[in-house]
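Written out below as structure tokens is the structure these notes cover.
The values are calculated or read from the model by the stated rules, or taken from the named source; none is laboratory data. Bear in mind that the values here come from a model prediction, so they are computed numbers and not experimental data. Cβ placement follows ideal geometry from the backbone for every residue including glycine, while neighbour counts extend to all protein chains displayed. We work out accessible area using only protein heavy atoms, side chains counted, and drop any ligands, DNA or RNA first. Shrake-Rupley method; radii C 1.70, N 1.55, O 1.52, S 1.80 Å.
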Amino acid sequence: AQSVTQLGSHVSVSEGALVLLRCNYSSSVPPYLFWYVQYPNQGLQLLLKYTSAATLVKGINGFEAEFKKSETSFHLTKPSAHMSDAAEYFCAVQVDRAAGNKLTFGGGTRVLVKP
Amino acid sequence: KAGVTQTPRYLIKTRGQQVTLSCSPISGHRSVSWYQQTPGQGLQFLFEYFSETQRNKGNFPGRFSGRQFSNSRSEMNVSTLELGDSALYLCASSRTGTGGQETQYFGPGTRLLVL
């Protein structure tokens, strides 16, 4: 069975600093990988997804992630944090293509941006 | 284009009651998935419906059930509510539900409080 681990349930960054959120997955087959963001009292919004094309994936709001098969990682980065990036971020994996749209999520990382 | 809508947004019930939540997918989307989000367990997959058929089911007791109508709208029902059912219930829709390559769009959720 697939699983997702996000290192660090809380991350604090200064405005303008690098944002780095870590995600490792376990899967016996090549996965599809996703990063979602959740703002308070809202649903999930897709930031980006990896579907076996380019290993470096660019998403919305200046975020990008790199798929590294050897490290089973899909870390999310943004060069310069903005106050509006304060939110909770979820990494998710989908492996069983025959089973439709089931996503397995990591525990989430809450990002605090300090002025 | 309207997004995924969920009604009601907030709900308070007492133990032992039952509840029905509704999800209207994006126009043209035929796959609807449901997730439960709690502080302790995180985001967990409940089930997915595609063309009125349940295609995939998570590890939840039989008190949790759902259905999908011919217009792709979906409902989920929880019978005999327990305190632990207090959660944010999210629904997501996608066009064909083939998984992976498709983006799932999430609604704002229904926050259920069981007293």
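Tabulated values for the structure
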item: Test: residue in segment B:39-47 that is over 14 Å from the mean Cα position of the chain (by Cα) and in contact (Cβ under 8 Å) with a residue 60 or more places away in the chain; result: no
item: Within segment B:89-103, tally of residues that are facing chain A (nearest Cβ under 7 Å) and either buried (at least 23 other Cβ atoms within 10 Å of the Cβ) or at pLDDT below 75 (or both); result: 6
item: Total residues in segment B:1-19, condition outside any loop (DSSP other than H, G, I, E, B) and away from every other protein chain (no Cβ under 14 Å); result: 4
item: Residue match in segment A:33-52 (condition: surrounded by 21 or more Cβ atoms within 10 Å (Cβ to Cβ), under 13 Å from the mean Cα position of the chain (by Cα) and basic (Lys, Arg)); result: yes
item: Selection count, segment A:69-115, where residues are open to solvent by less than 80 Å² (accessible area, probe 1.4 Å) and either within 14 Å of chain B (Cβ to nearest Cβ) or assigned to a strand (DSSP E or B) (or both); result: 28
item: Failed criterion for B:Asn59 (all others in (1) part of a loop (DSSP other than H, G, I, E, B); (2) closer than 26 Å to A:Cys91 by Cβ; (3) touching a residue at least 24 places away in the same chain (Cβ under 8 Å) hold); result: (3)
item: Residue match in segment A:5-19 (condition: within 14 Å of chain B (Cβ to nearest Cβ) and of a type in the set (A, V, I, L, M, F, W, C)); result: no
item: Some residue of segment B:33-42 being more than 15 Å from B:Gln104 (Cα to Cα), touching a Ser or Thr at 6+ places or on another chain (Cβ under 7 Å) and more than 11 Å from every other protein chain (Cβ to nearest Cβ); result: no
